[in-house]
Amino acid sequence: MTAAETRNNRMRSARHLSILAVAALLAPGMSLAQTAPPAPNVLLIIVDTLRADRLGCYGDKDIETPTIDVLADDGILFEQAIAQVPLTWPSHAAIFTGTYPFHNGVQDFTGQPLSQEFRTLAEGLKAHGYSTGAVVSSFVLDRSWGLARGFDFYHDAFSGMAFVHSDLALVQRRAEQSVDQALAWLEGGRQRPFFLFLHLFDPHSPYDPPEPFRSRYRQRPYDGEVAYADQQLGRVLQWLKQKGLYDETLIVFLSDHGESLGEHGESEHGFFVYNSTLRVPLIIKPPARSPLRPRRIAAPVETISVAPTILQLAGIQDSIQNQFQARSLVALMSHGQAREDQAAYGETFYPFSSFGWSPLRSLQTARYHYIEAPEAELYDLPADLQEKNNLAPGKGDAAAALRGQLLELVGRYPPPARDQRAAGLTPEEIEKLRSLGYVAYRAPTSGPLVPEKLLDPKHKVREFNAILKATDAFQAGRFAAGRALLQEAQRSDPDLYLIPFLLGEAASRQEDWASAVVEFEKALKLNPSFDQAMLGLGRALHLTGKSDAAKQWLRRALAINPQNFRAWFELARVQARESPTSALGSLEKALAIQPQFAPALRERGVLEIGLEQYAGALRDLERAVELGLTDPVTYNFLGIAYSRANRLEEAAASYRRALEQKPDYADAHLNLGFVYERQNKRDAARQEYETACRLKRELCQQVRGRLD
């Protein structure tokens, strides 16, 4: 027994005796329930994309994770915790609702937000007096997907420039910034017990840890990201200890999924359901008054058990417990022995919904991991941790038994009925999608677990990796290389709607709007319900002068997903010239969904300038800059708003900031000249006018004769 274990056992024994002593002093007839201690604070930490085997407490001797290791010493560590889906948003939806992805409908990142019919952990805690706060570190968990329900504070603001320069999936924030926000919220003086959800995204690709972790883990940048996240988590736990809150706080630490790091030919996650991406760390440190003691538990458990466990340890009874599809882990933590039939489910529909290949479902026990695929797989986990030796052909009985158990589980919790016609699809389009395999799985499962005649992802990993390399090439600006990779994959699989979609996105980044229109239309012929392709097509049509068609496609995207605030934003940009009032209405809807979306704030500010609503324009443009939208265009319009408000020094400073970034910005030179003229700085004004005229000949007429 380690010194830490001895110390913890003594402390918990003393607490146990104290509880017995209090019970002995109670008056006859008075129950412990009548003098229940206050509800514990709850801290839920989810570190994205974290493999269990990359932590010291899980056996990695080559990484420094002292914060998480100490937390493991103080709590219960689960050696075989299994995520229900290896994708960020679907996994979080499962964790927060306590429901399987195939039941709640959030199975990948191409679907709709979480349905209102599902209650979340935050809603359950808030209803029982908790102050609820969340800090998320990636746009993937943006509030528009539905995870913010039940939170008093949900920090999902990201740098405005990130939306300009990065794909949405790469819009994120480093752990240090997120921990700063979490500590600021904790310092806010909560009078009630608090529930804080802290999400860190750092181990997600691309791996780029800050110093000193970049140098220390130069050959292992993923590990460097993990060590950096651990260091930042140390600040949170240290704050709890300094405030005397650590002992009585229920802390739950886990990941949403792991990372393949090249195993089975997969570089990242989402495509397969091997334990490199399904097995995650799970550590639960109960409040000090709990009789639970530190231990390690080997039985397989599911991450959808986290919400039931938190509510039970907090002593809460709530209606959300009626929707839970997994048991609380408290009983298992108490005695350490699992049920004989205990198993953990996992799935990925990413190969299916994005590529039209077969989905994958899996079920694993303490010994076996069964994967349902066109070519089934079975692995003996104690003997084959890396899942390299498929035993399914020779162990038909074991595979059949697990398959039957899997079929029973999926059939027990059918997905909610979804009316595809309500999503804006015609019967012909629904039938086309069904023929391609895109919506057949939405029906309650009563037969095969996977649609027939779909290709096994094991045999398509080469094409999958080519597509990933193409997206990386586009992100790096190597468009010709990216197109060549996609065209090669397209020759092998001409029905992949994702390929023309990605080609459309690449053409948009190069501002080749005519080509973008062609590619997005191809994508929508293959998948008529893909709202992101509708969004891209609407934008491209607008920029080729086809505004009426653009509005039709954007409204169709909104019929499928009314929470798509980027579609509201693009619709406003189409409406801006013909009807500023309609455009303002669309921007209001975008900002009602995501009030931290800096580009929408800027566009509203620009429209308000045109409508001479200068106070509102200043608020919106200043807020856009605060959110990190610091490009020349924003600074130019902010300067106009300052000028209209007669704040000339601030106007001049804003124009100069625009020109620092873009010295040839003719409009900013012109506007700065106007300010200098009003300040009676005639020479400076004349110089700005001359520069504006030289850069943009059509401006010459505006300045002719002004300073004669």
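Here are some notes:
- The distance from the alpha carbon centre of the range 194-272 to that of the range 622-699 is 43 Å, rounded to a whole number.
- Viscosity 1.567 mPa s, temperature 4 °C, Stokes-Einstein D of the chain from Kirkwood C-alpha radius, µm²/s: 47 µm²/s
- For the range 506-703: rounded, prolate or oblate by the Cα gyration tensor [a/c cutoff 1.5]: prolate
- Computed over the range 506-703, relative contact order equals 9 percent, with contacts defined as Cα pairs under 8 Å that lie 6+ residues apart.
- Percentage, to the nearest whole number, of Cα pairs in the range 609-708 over 21 Å apart: 30 percent
- Global form of the range 42-337, assessed from the alpha-carbon gyration tensor, a/c cut-off 1.5: rounded
- Pairs spanning more than 29 Å between alpha-carbon atoms, out of K589/K662; K460/K589; K388/K469; K388/K453; K551/K662; K61/K243: K589/K662; K460/K589; K551/K662; K61/K243.
- Segment R678-R412, extension gain: residue separation times 0.36 nm, minus the distance between their alpha carbons: 88.4 nm
- Proximal aspartates and glutamates relative to K681, as straight alpha-carbon distance under 17 Å, when same-chain residues fewer than 8 apart are discounted: E649, E650, E690, D708
- Qualifying trypsin sites (Lys or Arg not before Pro) for the range 358-407 [loop in DSSP, other Cβ within 10 Å: at most 10]: K388
- Remark: spin-label model distance T581-K522 equals 4.3 nm, labels positioned 7 Å along the Cα→Cβ axis.
- Cα gyration tensor category, rounded, prolate or oblate, for the range 277-412 with a/c compared to 1.5: prolate
- Cβ-Cβ distance of A184 and D548, R₀ of 45 Å, FRET efficiency by 1/(1 + (r/R0)^6): the value works out to about 0.45.
- Relative contact order (%) - the chain, alpha-carbon pairs under 8 angstrom, separation at least six: 12 percent
- Distance from the range 300-316 to the range 510-584 (C-alpha centre basis), Å: 42 Å
- A simple rule links phi to the HN-Hα coupling: the Karplus curve 6.51 cos²θ - 1.76 cosθ + 1.60 with θ = phi - 60°, which for the range 249-263 gives 9, 7, 10, 10, 10, 7, 10, 7, 5, x, 8, 6, 6, x, 5 Hz, with x for Gly and Pro.
- Secondary-structure-derived ellipticity at 222 nm for the chain, considering helices only, amounts to -14500 deg cm²/dmol, per-run term -39500 (n - 2.57) for DSSP H runs with n ≥ 4.
- Considering only alpha-carbon pairs that sit under 8 angstrom and 6 or more positions apart, the relative contact order computed for the range 42-337 is 33 percent.
- Sequence-distant lysines (8 or more away, or on other chains) whose Cα lies within less than 22 Å of K126: K285
- Cβ-Cβ FRET estimate between R296 and L648, R0 fixed at 60 Å, reported to 0.05: 0.35
- Model label points for E626 and D495, set 7 angstrom from Cα along the Cα-to-Cβ axis, are 5.2 nm apart.
- Loop sites in the range 460-547: GluC sites (Glu not before Pro), DSSP, at most 15 other Cβ within 10 Å: E511
- Once both labels are positioned 7 Å from their Cα atoms along Cα-to-Cβ, the gap between R235 and R218 label points is 2.7 nm.
- In sequence order, the range 215-232 has phi-based couplings of 6, 5, 10, 4, 8, 9, x, 4, 4, x, 5, 5, 5, 5, 4, 4, 4, 5 Hz under the Karplus curve 6.51 cos²θ - 1.76 cosθ + 1.60, θ = phi - 60°, and Gly or Pro positions carry x.
- Within the chain, C57 have no other Cys Cβ under 4.7 Å of their Cβ and so lack a disulfide-compatible partner by this rule.
Rule-based calculations on the coordinates, nothing more; no lab input. Here the structure is a predicted model, which is why all the values come from computation and not from measurement. Cβ sites come from the backbone with ideal geometry, for glycine too, and all protein chains shown count toward neighbours.
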